[in-house]
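First the structure, in the form of structure tokens, and then the observations on it.
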Amino acid sequence: MASTDVDVQGLDATEGVDRQVSDAAADSTFAEVDDRERSIPAIEFRDVTLSFDDRVVLDGLSFTVQKGETKIILGGSGGGKSTTIKLLLGLLKPDSGRIFVDGEDITDYTEAEMMSVRKNMGMIFQEGALFDSLSVYDNVAYRLHEQEVPEEEVEQEVRRMLSFVNLEDAIDKMPIELSGGMRRRVGIARALVGGPKIVMFDEPTAGLDPPTARTICELAIKLRDLEDVSSIFVTHEMNNVHYITSEYAVVNEAGEIVFENEGERLCLVNTKVLMLRDGGIIFEGTDEALRKSEDAYISRFIRGY
Amino acid sequence: MNFALSALLEVQETTLLAARAARRLFRRPTYIPEMITQMDVIGVGSLTIILLTGFFTGGVLALQTYPTLKYYGAQDQTGRLVATALVRELGPVLTGLMVAGRVASAIAAELGSMVVSQQIDAMRALGTDPVRKLVAPRLIALVVTLPLLTLIADSVGIGGGWVVSTQFFDIASGSFMAAVWAGLSTEDIVGGFVKSTAFALIIATVACRQGLKTEGGTVGVGRSTTTAVVSSSILIIVADYFITRGLQIILGLPAA
């Protein structure tokens, strides 16, 4: 499952790639480039509009998320960030515009049709949204229990996912016994069961202390770089943007996952930032371009003044 | 939106919810364990209040009607009056109201809390239909247990009437029971089952609908809970009138 295929654009390409990525991973990367399926965006919003009564929440929103790419959606409260995710999951329907998942138009799908689309998606909610009446084990196993998977396989998968989020010891606890950060991590484990290729994070670090927030960001980086997952990461915290846009995960020779900084010689091309304001896009591009933006609102948002 | 239009919309949405729950009952997964859990919570959990309500209602019926019946020299018909009143009317209605108070509030609060904490969204995101997982088991549990609870309330109520009649008044046990059997007909019992099944549908759909449409955080949960209890109680009383009239026509129960 784990691979070392990190999308990097070398400033000094040959030397950089040789140093950072193994030959096998490079072959795998070329195979992905040749794969025509990968040219179809994992997610596409085409001129999507949504209003609640008289309030326009999304106003002609258009963007794409490529396979293996992470799109960070930034913006203030009420800017339409969480609504975008709910539209993608089919929890809300747009007033106009089209939404595509893996090239498939899901805009007019019924609830029953959306169920099969959602099987390939994972969603991490702001507060975890764990089922209070179920233990950590049952929460993580929820999707597998619904699919009536044999219990031995369920247990194996639950332990694997809890190990991915470093929470093996909490397997028998109830959600009420967990801290905020642990709840989010259980939420991530639950969302990742079944190996979804699209994962959405809805402000997963809100209200968490910096080390725990960092842990959540590392999980998002691992998913992007080691699991080839396409994701939308909704946040309004610049620390998260910094971690996800400047670091990548690789497996070292000892088989351990380590996080490297892109530094001056590399530039991560599989992570872009999208900034929303009043339901419209005011910025789309790399974090470097975001930092250089002279827009007064963006400047105030990222620097606080 | 005016009141009549919003009331009509609410009726439509509640009916659609019940229809969706019923339509998806037999698709896999069938959630049998959830149904059994709900039957335990709703049925077994309501047993104490139903036993107390039934017993004392039967007792007070005997207590209130005996003097009047004695005035007309018909005191040996006390058992008949207690049994008929309980099986036809008071058993189903009082059981419905008691269960509405206890269960509708619990269902609306539980589902409402799940909505405000995004657990319903999480369930949908994980590919589960909340109507099938949450509404259908509660609907089935109520439809199965409310008629049984009503039957228990009727029996215990007749027992309460028997205790009062034989211990406080000069009615022999055999005379009381003979009047009970003479007063009851199959139509009465069928009518009681029809009513309690209808009340179960009302409680389940109203409570689930109110819970699932909760908005506005914890204040919204409180509002949904209150609305669920008040709406289901009023609907039970109103439906009781129309079902009684319908049964009089269909089953030929005495109307005049």
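Table for the structure above
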item	result
Qualifying residue in the stretch A:235-251 (condition: assigned to a loop (DSSP other than H, G, I, E, B) and small (Gly, Ala, Ser))	no
Unmet criterion (only one of (1) surrounded by 14 or more Cβ atoms within 10 Å (Cβ to Cβ); (2) of a type in the set (Phe, Trp, Tyr); (3) on the phi < 0 side of the Ramachandran plot) for B:PHE26	(1)
Top-ranked residue of the stretch A:182-209 - restricted to ones that are surrounded by fewer than 23 Cβ atoms within 10 Å (Cβ to Cβ) and modelled with pLDDT under 85, ranked as farthest from A:LEU74 (Cα to Cα)	A:GLY194
Any hit, the stretch A:80-102, residues being farther than 30 Å from A:ALA296 by Cα, within 14 Å of chain B (Cβ to nearest Cβ), crowded, with 18+ Cβ neighbours inside 10 Å and β-branched (Val, Ile, Thr)	yes
Residue in the stretch A:113-125 that is of a type in the set (S, T, N, Q), surrounded by fewer than 18 Cβ atoms within 10 Å (Cβ to Cβ) and closer than 30 Å to A:LEU167 by Cα present	yes
Selection from the stretch A:84-102 of residues that are without any contact (Cβ under 8 Å) to a residue 60 or more places away in the chain and under 19 Å from A:ILE281 (Cβ atoms)	A:LYS86, A:LEU87, A:LEU92, A:PRO94, A:ASP95, A:SER96, A:GLY97, A:ARG98, A:ILE99, A:PHE100
Filter result (among the small types (Gly, Ala, Ser), at pLDDT 85 or above and either more than 16 Å from A:SER96 (Cβ to Cβ) or loosely packed, with under 15 Cβ neighbours inside 10 Å (or both)) within the stretch A:12-67	A:ALA42, A:SER51, A:SER62
Selection from the stretch A:123-149 of residues that are in a loop (DSSP other than H, G, I, E, B) and at the interface with chain B (Cβ under 8 Å from one of its Cβ atoms)	A:PHE125, A:GLN126, A:GLU127, A:ALA129, A:LEU130, A:PHE131, A:ASP132, A:GLU148
Pairs where the first residue, in the stretch A:103-122, is facing chain B (nearest Cβ under 8 Å) and free of Cβ contacts under 8 Å to residues at least 24 places away in the same chain and the second is surrounded by 15 or more Cβ atoms within 10 Å (Cβ to Cβ) and of a type in the set (S, T, N, Q), C-beta under 9 Å, 6+ apart	A:MET115/B:THR128
All positions within the stretch B:62-97 that are touching a helix residue (DSSP H, G or I) at 6+ places or on another chain (Cβ under 6 Å), of a type in the set (S, T, N, Q) and either farther than 30 Å from B:THR225 by Cα or surrounded by fewer than 17 Cβ atoms within 10 Å (Cβ to Cβ) (or both)	B:THR65, B:GLN75, B:GLN77, B:THR78, B:THR84
Failed criterion for A:ASN261 (all others in (1) more than 27 Å from A:GLU157 (Cα to Cα); (2) within 14 Å of chain B (Cβ to nearest Cβ) hold)	(2)
Residue satisfying condition, being closer than 22 Å to B:ALA153 by Cα and touching a residue at least 24 places away in the same chain (Cβ under 8 Å), within set B:LEU25, B:LEU17, B:LEU51	B:LEU51
Residue match in the stretch B:124-133 (condition: acidic (Asp, Glu) and at the interface with chain A (Cβ under 9 Å from one of its Cβ atoms))	yes
Any hit, the stretch B:244-256, residues being under 23 Å from B:ALA22 (Cβ atoms), part of a helix (DSSP H, G or I) and out of contact with any helix residue (DSSP H, G or I) (no Cβ under 6 Å at 6 or more places or on another chain)	yes
Helices (runs of 4 or more DSSP H) wholly inside the stretch B:98-197 containing at least 3 residues that are at pLDDT below 90 and surrounded by 23 or more Cβ atoms within 10 Å (Cβ to Cβ)	none
Condition check for A:SER230: of a type in the set (Gly, Ala, Ser) and closer than 28 Å to A:GLY304 by Cβ	no
Qualifying positions in the stretch A:202-232 - closer than 17 Å to A:LEU130 by Cα and in contact with a Leu (Cβ under 9 Å, 6 or more places away or on another chain)	A:PRO204, A:ILE216
Candidate set: the stretch A:145-161, residues that are at pLDDT 90 or above and among the hydrophobic types (A, V, I, L, M, F, W, C); chosen: the one surrounded by the most Cβ atoms within 10 Å (Cβ to Cβ)	A:VAL158
Given (1) in contact (Cβ under 8 Å) with a residue 12 or more places away in the chain; (2) surrounded by fewer than 23 Cβ atoms within 10 Å (Cβ to Cβ); (3) in a helix (DSSP H, G or I), number of the condition B:GLU215 does not satisfy	(3)
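The values are calculated or read from the model by the stated rules, or taken from the named source; none is laboratory data. Everything quoted here is computed from the prediction, not taken from an experiment. In this analysis, Cβ positions are derived from the backbone assuming ideal geometry, glycine residues included, and neighbour counts consider all displayed protein chains.
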